[in-house]
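Novice: One structure, as structure tokens, below. Some questions next.
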Amino acid sequence: MKNKKAFTLIELLAVILILAVILAVVTPSVLSFLQSSKQKAYDTSINKIIEAARIYVASNIKDFKDIDYYEMSLDELCSSDYLDCPIINPKNDEELNGFIYLTKSGRTFEYEFVEN
């Protein structure tokens, strides 16, 4: 009588096939989750930049009284200590560069960030 304590080749291939099918099903949802997370982190970074610009304008309101349009660089916010720099773009892990465009709308400003 044989003492069977090992797996046969067919059993091993069946396990590998099952794992491959599970991997094929799970991979797209994991990649989608990662992409979604990076987009949310990017949006949070942009909101942080715009909020820093709002605080900067509120703190220096006298300088912005007669201005209808202003182009603010990230360096301006960083050098004034309104923003911790560099800001890393979570989508590509590179430094985020761009400008905040302020447009006066009545008595308030509209803020828009445009990436270089």
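Read the figures in this text as sums done on the coordinates, not as results from a lab. Keep in mind that what you see is a predicted model, and the values were worked out from it rather than measured. When we count neighbours, we look across all protein chains shown, and the Cβ atoms used for this are built from the backbone with ideal geometry, even at glycine.
Novice: For the chain, report the convex hull volume of the alpha-carbon atoms normalised per residue, in Å³, without decimals. Write down the numbers at each step before the final one.
Specialist: Details: hull volume 17.1 nm³, N = 116.
Expressed per residue, the convex hull around the Cα atoms of the chain is 147 Å³.
Novice: Given H placed 1.01 Å from N in the peptide plane, which residues other than close sequence neighbours of Ile87 have an amide H under 5 Å from its amide H?
Specialist: Leu96
Novice: Can you give me the distance in nm between label points at Thr108 and Ser36, each placed 7 Å from the Cα along the Cα-to-Cβ direction?
Specialist: Placing both labels 7 Å beyond Cα along the Cβ direction yields 3.1 nm.
Novice: Normalising by the residue count of region 9-115, find the relative contact order in percent from Cα pairs under 8 Å and 6+ residues apart. Write down the numbers at each step before the final one.
Specialist: Working: 91 pairs, mean separation 25.8, N = 107.
Value for region 9-115: 24 percent.
Novice: Counting only pairs 8 or more places apart or on different chains, how many lysine pairs in the chain have C-alpha atoms closer than 22 Å? If you can, show how the numbers build up before the last one.
Specialist: Values: Lys38/Lys48; Lys38/Lys91; Lys40/Lys48; Lys40/Lys91; Lys48/Lys91; Lys48/Lys104; Lys62/Lys104; Lys65/Lys104.
So the count of such lysine pairs works out to 8.
Novice: Where is the GNM fluctuation largest for the chain (alpha-carbon springs, 10 angstrom cutoff): Lys91, Lys62, Lys104?
Specialist: Lys62
Novice: Show that you can apply the helix-only estimate: for the chain, add -39,500 (n - 2.57) for every DSSP H stretch of four or more residues, divide by all residues, and state [θ] at 222 nm to the nearest 500. Kindly include the intermediate steps, with their values, before the conclusion.
Specialist: Working: 3 runs with 61 residues, N = 116.
Roughly -18000 deg cm²/dmol at 222 nm, from the helical runs in the chain.
Novice: Angle check, please: helix 9-59 long axis (alpha carbons) against the longest principal axis of the chain (alpha carbons), in degrees 0 to 90, nearest 10.
Specialist: Between helix and principal axis, roughly 10 degrees.
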